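Beneath this line is the structure, given in structure tokens, with notes to follow.
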Amino acid sequence: MAIRIETHPVIRRHPANPILTGAMVPYPAGLVFNAGVTKFQGRYVMVFRNDVADLKAKKLLGKTNLGLAFSKDGVKWDVSKKPCFDMKSDEIARAYDPRLTAIDGRCYMCFAVDTRHGVRGGIAVTEDFETFEVLHLTVPDNRNMVLFPEKVDGRYVRLERPFPVYSRGRFEAFDIWFARSPDLRYWGDMELVLGAEQVAWVNNKIGPAAPPVKTPHGWLTLFHGVDKDDARASWGWEGNWKKRYSAGIMLLDLKEPWKIVGLCPDPLIVPEPGIEYEARGFRDYVIFPGGMILEPDGEVKIYYGAADTVECLATAHVDELVKLCRKR
Ligand code: BMA
């Protein structure tokens, strides 16, 4: 049976898309995407990746920082006057791809860090988005970490995506893992959650997307999945880009979240040729969700970077998403 790679009909792209672009940022900006979003202290907060660029000349300017924005409705955003986070040293090139999780009144941010010795996953904590304390950095290579908003069996838990190139036997066949911590600094006790080969529409790698959302049926969990075709003409102004990033969805067990209760066999959101902001940009045909919010009325807001260039919003009803995962 041919695999359908198209956006599921339960998904509605927001008419205000893209909801955040480099043009809305009051300091040097460019590609504004892959944001983490959560509700914190009564408002929506977003931390977004900003790769400074000359968009007209289609040229990166070699600097990345994380910007901050607040919103009353999760759609219209006020961008703060300056970036809120960056990391740079002889060893560290940049921090990027933030994901936010509020736990017990504090906001935790997972992010990726490019270093001279590999890609590391970081966790920082803040209460005011002005100062961040970095609690933890993994060994290379790891990234796409997301924290669950609650402890499980008294321990903090996260999903993560190590990238075992040498031992996995196939280039970029990367999987989703689960890890536990007593204090957010020391992590261990890992379990495999989902192997790339278990996702029929993926022929490359997978990884966590937004932090999971709790429902009575399980943890609703987005992930990203990649299909690659070397015969594709190069996609995007970055150059030799042949991958498509889509989003999938699964339900993880409430008490044992390393166990999958249900996996939607089809992708949930696929970058579509007819949608300019997903099909054209730095890297064409990329959807990369980093935030998911369950509203009291059952609406789920899914925030995603599009074409590694802008930030977008899609919505669906929680019951529809749960049903997709439980359908067998
Ligand atoms: C991944 C990361 C993401 C990016 C994606 C698609 O490897 O670099 O930041 O959105 O590729 O380009």
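The values are calculated or read from the model by the stated rules, or taken from the named source; none is laboratory data. Model, not experiment: these values are computed from the prediction. When we count neighbours, we look across all protein chains shown, and the Cβ atoms used for this are built from the backbone with ideal geometry, even at glycine.
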(request) Tell me, yes or no, whether region 302-323 has at least one residue that is without any contact (Cβ under 8 Å) to a residue 12 or more places away in the chain, surrounded by fewer than 24 Cβ atoms within 10 Å (Cβ to Cβ) and under 30 Å from Gly218 (Cα atoms). (result) yes
(message) Can you report the number of residues in region 161-192 which are free of Cβ contacts under 8 Å to residues at least 60 places away in the same chain and within 19 Å of the chain's Cα centre (by Cα)?
(response) 10
(request) Consider Gly30 carefully, then state whether it is farther than 29 Å from Ile103 by Cα and within 16 Å of the ligand (Cβ to nearest atom). (result) yes
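Is it true that Gly274 is over 19 Å from the mean Cα position of the chain (by Cα) and within 14 Å of the ligand (Cβ to nearest atom)?
no
For the structure I just gave you, tell me whether Glu127 is surrounded by fewer than 16 Cβ atoms within 10 Å (Cβ to Cβ), touching a residue at least 24 places away in the same chain (Cβ under 8 Å) and either charged (D, E, K, R) or within 16 Å of the ligand (Cβ to nearest atom) (or both). Reasoning before the result, please.
Numbers: surrounded by fewer than 16 Cβ atoms within 10 Å (Cβ to Cβ): yes; touching a residue at least 24 places away in the same chain (Cβ under 8 Å): no; either charged (D, E, K, R) or within 16 Å of the ligand (Cβ to nearest atom) (or both): yes.
No: the conditions fail for Glu127.
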(message) Name the residue that is modelled with the lowest pLDDT, counting only residues in region 218-241 that are over 19 Å from Leu31 (Cβ atoms) and surrounded by fewer than 18 Cβ atoms within 10 Å (Cβ to Cβ).
(response) Ala233
(request) Just give me the residues in region 33-52 being in contact with a helix residue (DSSP H, G or I) (Cβ under 9 Å, 6 or more places away or on another chain) and away from the ligand (no atom under 14 Å from the Cβ), in sequence order. (result) Val52
(message) For region 144-151, check the following and say yes or no: at least one residue is touching a Ser or Thr at 6+ places or on another chain (Cβ under 7 Å) and more than 23 Å from Cys325 (Cβ to Cβ).
(response) no
(request) Could you check how many residues of region 285-308 are more than 19 Å from Ala102 (Cα to Cα), near the ligand (Cβ under 10 Å from one of its atoms) and not hydrophobic (A, V, I, L, M, F, W, C)? (result) 3
(request) Those residues that are surrounded by 15 or more Cβ atoms within 10 Å (Cβ to Cβ) and over 22 Å from Phe282 (Cα atoms), I need them from region 43-69; list them, please. (result) Tyr44, Val45, Ala69
(request) Would you be able to tell me the number of residues in region 93-122 that are surrounded by fewer than 20 Cβ atoms within 10 Å (Cβ to Cβ) and within 16 Å of the ligand (Cβ to nearest atom)? (result) 6
(message) For region 244-261: of the residues being crowded, with 19+ Cβ neighbours inside 10 Å and not hydrophobic (A, V, I, L, M, F, W, C), which is farthest from the ligand (Cβ to nearest atom)?
(response) Pro257
(message) under 17 Å from Ile275 (Cβ atoms) and surrounded by fewer than 17 Cβ atoms within 10 Å (Cβ to Cβ): is that true of Pro26 in this structure?
(response) no
(request) State all residues of region 219-238 that are within 12 Å of the ligand (Cβ to nearest atom) and either hydroxyl-bearing (Ser, Thr, Tyr) or without any contact (Cβ under 8 Å) to a residue 60 or more places away in the chain (or both); if no residue qualifies, say none. (result) Gly225, Val226, Lys228, Trp235
(message) Could you check region 62-91 and list, in sequence order, the residues that are within 16 Å of the ligand (Cβ to nearest atom) and under 21 Å from the mean Cα position of the chain (by Cα)?
(response) Lys63, Thr64, Asn65, Leu66, Gly67, Phe85, Asp86, Met87
